[in-house]
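A.B. asks: My questions all concern the structure below.
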Amino acid sequence: EWKNYGILLSTPSDEACKLYDASLNQFLGWFDDVSVGGLEKSLKNMIEADPYFVMGHCLMLGLEFVGTGRSVKLDSEFKSQIDNLKVMAERQSLTKSEKKHVDAIVHLAKNDFSSAATCFEEILLESPTDIHALKMAQDMYFFTGQLPDMKDSVARVVPFWESSNLPMKSYVHGLYAFGLEENNFYRKAEVEARKALEMNANDAWATHAVAHVCEMEGRIDDGINFLDKTSSDWKVGEYLAAHNFWHWALYLIEKDDYDSAYDIFTSEVLRRTIEAKSIFNIVDATSLLYRLELTEGVRRNNSEYWDQLYAVCKPHLQDHITAFNDCHFLMALLGKKNYSEANELLDSLVLSEDIILGKNVVRPLLNAMIQFEREQYATAVGILLPLKYKLVEMGGSNAQRDLFNQLLIMAAIKSTDSAHHILAKRLVIERQALKPSPLGDRILSFENK
């Protein structure tokens, strides 16, 4: 069937090809297909069907890199898997595209996401319907903060999908929707997302794109109603469910309904984080609890939650794969009041020679967060303000990075420098110009408390 995509897979095993297709479908749809035993099982069976299936290994290893939870530097088994792939590829007669997929994995092993993206783009020039390459390319751009590329990479291949009846077509529209949304093309983004959902109501990534549009346009009630009415559809995408619930909680924070936001945090986001221990879920849980504490204005005892989050973060404190991850690990350390390890995390970055995504912003950002926790608010403002338009370098979405804009505003409000109080008001005006935000109005009220 992959010949219909204009793609040749170098394997004699029809079973391996079928399981590659099933695994890729689950990767794009963020779900476990019980008919093949779920994603992990289908990947395992794929390699068992053909231990030398290069594209199968590229998919399996690519998923590990996208998960940002394993480091070649710290995981000898992971390094051996990369080395084995290189040897395997050298001993086979592969297509040009397959060789590029291998090259991309080799770049990822060096934490060089930009060069990996270049490989995926070269594949798409030859095979515009290679959805494996398309998905990986967008993920690379997401991690490196290359927002226009997230949009344009998909835009270049959409016509090739529009004129076909190929399976997995809905995912292309979902990917395009997210790229459009991150570049502020909200109307077109929602059209593409809903087009994807008409084809596949369970497309969790397309649902996620609509959630982003509602968040960025300040359409809070629309966002809540949409997620509520379609919850039975998007919860099928279990790997993305915590993140879609995260969006739901953000709407509730805007509405000043912190009790309901905490309910979602504990019952949906934290629960899934403790069970799965994935980095993606860790980011959702730490950032959501940090937001809840930052803007509610009332201090709750969240020590038990922070203890649980610290436990899942601790194994990753020396990974140093992305700045985005590291700042979320720091939230757990600060929430737990573990200041010695917080300082150790910062110091380890100063001493590290690792190629970390977002390396130009990670050290000052972590320092600013520590200064805020120490109630050195003026110092935090002095660090955060020059970083305001640079934080995109560490990846993540506009909605995710908005947390640091909120941190800057809160630091300015709490600062003893009267000029910072004026700055806080201007920053809220800036925020309100982009979208109606009840949260912004409430934040300003903290100045008088």
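Just so it is clear, none of the values below were taken in a lab; they were calculated from the coordinates. On a predicted model such as this, the values are computed, not experimentally measured, just so you know. We place every Cβ from the backbone using ideal geometry, glycine too, and count neighbours over all the protein chains shown.
A.B. asks: Is segment 1-143 rounded, prolate or oblate when judged by the Cα gyration tensor, a ≥ b ≥ c being the square roots of its eigenvalues, rounded requiring a/c under 1.5 and prolate requiring a/b larger than b/c? Display every interim value, and only then the final one.
C.D. replies: Values: a/c = 1.23, a/b = 1.12, b/c = 1.09.
Verdict is rounded for segment 1-143.
A.B. asks: When the helices in the chain are scored as -39500 (n - 2.57) per DSSP H run of 4 or longer and the sum is shared across all residues, what 222 nm value do you end up with, to the nearest 500 deg cm²/dmol?
C.D. replies: Value at 222 nm, helices only: -22000 deg cm²/dmol.
A.B. asks: Now, a different point. Please order L385, L227, L408 by the number of other Cβ within 10 Å, starting at the fewest.
C.D. replies: Details: L385 16, L227 21, L408 24.
Starting with the residue having the fewest Cβ neighbours, the order is L385, L227, L408.
A.B. asks: Got the relative contact order for segment 2-123 handy, in percent, Cα pairs under 8 Å and 6 or more residues apart?
C.D. replies: After rounding, I find 21 percent.
A.B. asks: When M331, M216 are ordered from fewest to most other Cβ atoms inside 10 Å of their Cβ, what list results?
C.D. replies: Least to most surrounded, the residues fall as M216, M331.
A.B. asks: So for the chain, averaging the separation of alpha carbon pairs under 8 Å that are six or more residues apart and normalising by length, what relative contact order in percent results?
C.D. replies: Reported as a whole number, the value is 12 percent.
A.B. asks: Could you give the spread of the C-alpha atoms of the chain along their three principal axes, from largest to smallest, in whole angstroms?
C.D. replies: Principal-axis extents of the Cα atoms in the chain, largest first: 71, 47, 35 Å.
A.B. asks: What's the center-to-center distance, using Cα atoms, between segment 393-449 and segment 43-64 in Å?
C.D. replies: Here the two parts' Cα centres lie 46 Å apart.
A.B. asks: I would also like to ask the following. Going through the cross-link list K314/K336; K336/K359; K110/K359; K277/K314; K195/K255, which pairs have a Cα-Cα distance over 18 Å in this structure?
C.D. replies: Listed pairs above 18 Å: K336/K359; K195/K255.
A.B. asks: So how do 195-203, 234-242 stack up, highest first, on mean other-Cβ count within 10 Å?
C.D. replies: Numbers: 195-203: 19.1, 234-242: 21.1.
Peptide ranking by packing, descending: 234-242, 195-203.
A.B. asks: Output the peptides 267-277, 296-306 sorted from most to least packed, where packing is the average of other Cβ atoms within 10 Å over each peptide's residues. Mind showing how you got there, number by number?
C.D. replies: Details: 267-277: 18.1, 296-306: 12.9.
Packing proxy ranking, top to bottom: 267-277, 296-306.
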